Structures are given as structure tokens and as C-alpha cells.
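Colleague: Sharing a structure with you now.
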Amino acid sequence: MSQPCVVLATASYDHTIRFWEAESGRCYRTIQYPDSHVNRLEITPDKRHLAAACNPHIRLFEVNSNSPQPVMTYDSHTNNVMAVGFQCDGKWMYSGSEDGTVKIWDLRAPGCQREYESVAAVNTVVLHPNQTELISGDQNGNIRVWDLRANSCSCELVPEVDTAVRSLTVMWDGTMVVAANNRGTCYVWRLLRGKQTMTEFEPLHKLQAHNGHILKCLLSPANKYLATASSDKTVKIWNVDGFKLEKVLTGHQRWVWDCVFSVDGEFLVTASSDMTARLWSMPAGKEVKVYQGHHKATVCCALHD
């Protein structure tokens, strides 16, 4: 197989992972995944592998292959893995799970290298662009910063007590973080570098984005937009300069679980319980492609272009 220039993948409760031709909408590869549903997908920086976060393991598949078998399985979590991502050079992977832990994995060696106890079920983990801090959000409403140099929790925030933090996103230049919760609220902080090189949070904005759950929030690569995907079937696009509503993406018939921007921020891919993924033009605010083939809810998507 030739290496695709655009890698687009989705996963569903139908126990499959599908790869799509982004422009034509054709599904060109399906991986059967009978032993678990997939909670999250992430593509490695070099586009060679796709990580599938499952229950309770993470599996790594080759992108440029027809093999249905994973090239590596990472076992250590004891419950649903809800978050997965990679360091910028692809040397290590991080994960967060409903077992209450955040873990770091060296991709060149078997086993978990580090583990941090969050206690409550972890719903989301993001890596700060400085590559030295992980930020996690959990079911009890806690946000924690894990300093990888000090190997400890350096900061803890609780924006709303007993309201689950569903999704976190960090601006590409490391100056802003947004947390979205189950009450449809986004909390925005400016990130400051402290005297001890520790990241400090300065409250910037509180945005009541949706009436239902926010299932994913994501800042665009050009640091211009914030996308919020919701149980109200819509994705809203906010201008981060003042957090004014720019567009409402309508078309999905059920909950929208996930979204991912193209590298230039001109397109957004979304995944929904209506069994589809969709490609949206950001300038037009319109749907330009529907990816149909899953037989149950499409709950996550990954894009590397």
C-alpha cells in the first residue's frame, strides 16, 4: 500500500475501525475489533501508526497496511481508556483511564513507564506544547497538571464541584487552555509561566456554550476558533477573540462525540451517534462530505493531513 497523504479514521460501537478517502468518502479499509469498543483514536506524528484506546488496553495499528492485527498492545489500565496522545517526536505516548490513572508509555519498550493517580475516572488528557506537562480532567470535576520533570502534580483546579470535566484543549502556542463539562460550560484560562517554570492558570472567560453535555472541545491550529461538540446534535464554532459565536454546524441527527481540525484549520471532521462522520468547511460553515458505513454510533475520529 502507498502511504496516504491524508489519514482519516473513525471508530464505532459496531466494533470496527474504518479508514476513509477524505475527498471521495470511500472507506478503503476496515479493522474488525470484536473484543472492545474504541473510545479514542490518535495518529502518530509520523502518520505510520494509529492508536486505539479501548477497554482496558491500547492497541497500535499500522496505517500503511492491510493487516487486521495490531503491531503492539499496551496493557496496564484496568478500565476504559478515555484519552490517548503522543509526544511531538512520537517517542512516547500518554493515556488516561476510568481506572483513575494517567500513564506514560515508551513506544520503543514494552510496559508502562510512569503512572499518576488521579483517583477519579479520567475523561481527558492533553499534552502542553512544552512537552513537559500533562493536563487531565476527571469525572469529579478536577483538573490536574502533571509535571513530567518533577514527576508530580504541580497544580489542581476545580472549576465546578462534582461536574465532570469532559474535554480539555490547549492552544498550540501554550497560552490558553479550555475545559468543557457535562453542563455545557467551557472554562477558559490564560496560561502563564510561573517563577518555578510551573504553568499557572489565570481565569479568562466562562462560556455557556450548550444546554446539553459538551463531549469535545478543540482549539483550531491557527488559534482562531474553539469548536464545541455536544449532545444537542450540533457543533458550535466560537471566535477565541471575545468568544463570540461564529457558526453552528447542523446536520447530525444525534449526539456529536468527537471532532478534529485539519492542519490548516480550514476543515473539521465530526463523529456522531447517527452512525456517520462528516467533513465541514470552516469558511462556509457547511457540510461537504458524509462518511457512511458504520452500523452503530460513530464515537471518535482521527485526522492527519
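Colleague: How high is the FRET efficiency from THR175 to SER281, r the C-beta distance, R0 22 Å, rounded to 0.05?
Modeller: The formula returns an efficiency of 0.25 here.
Colleague: May I pose another question? If the only charges are +1 at each Lys and Arg Cβ and -1 at each Asp and Glu Cβ, what is the size of the charge dipole of the stretch 152-305 around the Cα centre, to the nearest 20 debye?
Modeller: My answer is approximately 280 debye.
Colleague: Over the chain, what relative contact order in percent results from Cα pairs under 8 Å that are six or more residues apart?
Modeller: After rounding, I find 13 percent.
Colleague: Same structure, new question: If you take the square roots of the eigenvalues of the alpha-carbon gyration tensor of the chain and sort them as a ≥ b ≥ c, do you get rounded (a/c under 1.5), prolate (a/b over b/c) or oblate?
Modeller: Here the chain falls in the oblate category.
Colleague: May I pose another question? With point charges of +1 on the Cβ of Lys and Arg and -1 on the Cβ of Asp and Glu, referenced to the Cα centre of the chain, which listed residue (MET72, LEU226, GLY251) lies farthest in the positive direction of the dipole?
Modeller: GLY251
Colleague: Still on this structure, please answer the following. List, in order, the whole-Hz ³J(HN,Hα) value for each residue of the stretch 235-241 obtained from phi through the Karplus relation with A = 6.51, B = -1.76, C = 1.60 and θ = phi - 60°; use x for Gly and Pro.
Modeller: Result, rounded to whole Hz: 10, 10, 10, 10, 7, 5, 7.
Colleague: Using alpha-carbon pairs under 8 Å, 6+ residues apart, how would you state the relative contact order of the stretch 107-249 in percent?
Modeller: Answer for the stretch 107-249 is 14 percent.
Colleague: Put LEU134, LEU245, LEU127, LEU192 in order of accessible area, largest first, 1.4 Å probe: what do you get?
Modeller: LEU245, LEU192, LEU127, LEU134
Colleague: Another one. Can you give the convex hull volume per residue for the Cα atoms of the stretch 265-305, as a whole number of Å³?
Modeller: Considering the Cα atoms of the stretch 265-305, their hull volume per residue is 67 Å³.
Colleague: At a 1.4 Å probe radius, which order do CYS301, CYS88, CYS155 fall into by accessible area, largest first?
Modeller: CYS88, CYS155, CYS301
Colleague: Straight distance only, please: which aspartates and glutamates reach the Cα of LYS216 with their own Cα at less than 13 Å, same-chain residues fewer than 8 apart left out?
Modeller: Partners found: ASP232, ASP258.
Colleague: Then there's this: In the stretch 62-112, which chymotrypsin sites (Phe, Trp or Tyr not before Pro) fall in coil by DSSP and have 16 or fewer other Cβ atoms within 10 Å?
Modeller: none
Colleague: Let a ≥ b ≥ c be the square roots of the eigenvalues of the Cα gyration tensor of the stretch 76-186; is it rounded (a/c under 1.5), or, if not, prolate (a/b larger than b/c) or oblate?
Modeller: oblate
Colleague: Right, here's the next one. Could you give the length gained on full extension between ALA109 and LYS244, defined as 0.36 nm per residue of separation minus the Cα-Cα distance, in nm?
Modeller: Using 0.36 nm per residue and subtracting the Cα-Cα distance, I get 44.0 nm.
Colleague: Here's something else I'd like to know. Amide H neighbours of ARG40 under 5 Å, at least 5 residues apart or on other chains, H built in the peptide plane: list them.
Modeller: So ARG40 has HN proximity to ALA53.
Colleague: Evaluate the charge dipole of the chain about its Cα centre and quote only its size in Debye, nearest 20, assuming +1 on the Cβ of each Lys and Arg and -1 on the Cβ of each Asp and Glu.
Modeller: Taking the Cα centre of the chain as origin, the dipole is about 500 debye.
Colleague: Rounded to whole Hz and in sequence order, give me ³J(HN,Hα) for the stretch 6-20 from the Karplus expression 6.51 cos²θ - 1.76 cosθ + 1.60, θ = phi - 60°, writing x for Gly and Pro.
Modeller: Going residue by residue, I get 10, 9, 10, 9, 9, 9, 9, 5, 7, 6, 10, 10, 10, 9, 10 Hz, with x marking Gly and Pro.
Colleague: Go ahead and run the numbers for FRET between GLU117 and GLN253, Cβ-Cβ distance against an R0 of 30 Å, rounding to 0.05.
Modeller: 0.15
Colleague: Tell me the carbon and sulfur percent of the accessible area for the chain, rounded to whole percent, probe radius 1.4 Å.
Modeller: 48 percent
Colleague: Collect residues whose amide H, placed 1.01 Å from N in the peptide plane, falls under 5 Å from the amide H of THR101; neighbours closer than 5 in sequence don't count.
Modeller: Residues meeting the amide H criterion: SER118, VAL122.
Colleague: Could you give the length gained on full extension between GLN69 and ALA150, defined as 0.36 nm per residue of separation minus the Cα-Cα distance, in nm?
Modeller: Length gained, GLN69 through ALA150: 25.4 nm.
Colleague: Taking the Cα centre as origin and putting +1 on Lys and Arg beta-carbons and -1 on Asp and Glu beta-carbons, what dipole magnitude results for the stretch 105-173, to the nearest 20 debye?
Modeller: 220 debye
Colleague: What are the ³J(HN,Hα) values, in whole Hz, obtained from phi via the Karplus relation 6.51 cos²θ - 1.76 cosθ + 1.60 with θ = phi - 60°, for each residue of the stretch 41-58 in sequence order, with x given for Gly and Pro?
Modeller: Per residue, the Karplus-derived 3J(HN,Hα) values read 10, 8, 9, 5, x, 8, 6, 8, 9, 10, 9, 10, 8, 10, 10, x, 10, 10 Hz.
Colleague: Whose amide H sits under 5 Å from the amide H of ASP258, counting only residues 5 or more places off or on another chain, with H placed in the peptide plane?
Modeller: HN-HN under 5 Å from ASP258: ALA271.
Colleague: Let me ask another. Would you mind calculating the relative contact order of the stretch 193-305 from Cα pairs under 8 angstrom and at least 6 residues apart, reporting the percent as a whole number?
Modeller: Once divided by the residue count of the stretch 193-305, the mean separation gives 17 percent.
The values are calculated or read from the model by the stated rules, or taken from the named source; none is laboratory data. Note that this is a predicted model, so its numbers are computed, not measured. Here Cβ is always computed from backbone atoms with ideal geometry, including for glycine, and neighbour counts include all displayed protein chains. Accessible surface areas use protein heavy atoms only, side chains included; no ligands, DNA or RNA. Shrake-Rupley method; radii C 1.70, N 1.55, O 1.52, S 1.80 Å.
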